[in-house]
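First comes the structure, then the notes that go with it.
Only the coordinates and a few stated rules stand behind these numbers; no lab work does. Just so we're clear, the structure is a prediction, and the values are computed from it rather than from any experiment. Positions of Cβ are generated from backbone atoms using ideal geometry, with glycine treated the same way; all protein chains shown enter the neighbour counts.
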Amino acid sequence: MTTVQTGSPAEQPDLSASAVPTSRLLAWLQAGGLDEKRLEGLHSQDNAFWAELAAQLAPQLPPAEILLVLPGGEPLAGALAAHLKLPFQVLHHASGAPDHWVLPDAPLPSFGLLVTTYLTTGVPEMELSVLAQRAGCELRTVVCAVERSTAGGRHRLLQLGVNTLAGQRIAETPRGLILERRRAETRAF
């Protein structure tokens, strides 16, 4: 079983591929055609699906003390938390303020990972990275099952020094969504 990586907090793993090929995820994506409606059902996959994805993503993640989770990312976060032996906290919007995220009341540890099922524009992930940083928690990496590479989320996050690790990357083309063939850009900070 893989355990949490140890080392200096400044150490960053090599995320040069930034997409980890997973047989079940890839099979699911190829099975019914890629479209937004199908991707909305990603979170309903069984526990074995998420456990396999977590096992394949975990070795590439930087050291962390907590997983902060966007709504809908609970299945992946639960599998990662079990694999890495880390706690996780699902984040939510402030009551009556859909554009404002609320962090847990308890103090956050120094280093965390942000988990989401589907990374698109990266705006919620950016907002939470900034909030967590202000609360003393550095979010080094956004972990997602699927990243829509043409939506710009990875590049927005890189401007904050946050890397992205995806189970699979997809791209929007004039013919619709396809599996991404290009290598992802990452930076070591």
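Here are some notes:
- If you plug the beta carbon distance of E40 and Q159 into 1/(1 + (r/R0)^6) with R0 = 30 Å, you get a FRET efficiency near 0.60.
- A Förster radius of 41 Å, combined with the Cβ-Cβ distance separating A31 from D105, puts the computed FRET efficiency at roughly 0.45.
- Our summary gives region 64-126 a relative contact order of 44 percent, counting only alpha carbon pairs under 8 angstrom and 6 or more residues apart.
- Summary of the geometry: region 58-123 and region 126-172, compared by the centres of their Cα atoms, lie 11 Å apart.
- N47 paired with E172, simple spin-label distance in nm, labels 7 Å along Cα-to-beta-carbon: 3.6 nm
- Residue-span extension gain [S95 to A135] - 0.36 nm each, minus C-alpha spacing: 12.4 nm
- Burial ranking of peptide ranges 32-39, 105-112, 149-156, 69-76 (average Cβ count within 10 Å, highest at the top): 69-76, 149-156, 105-112, 32-39
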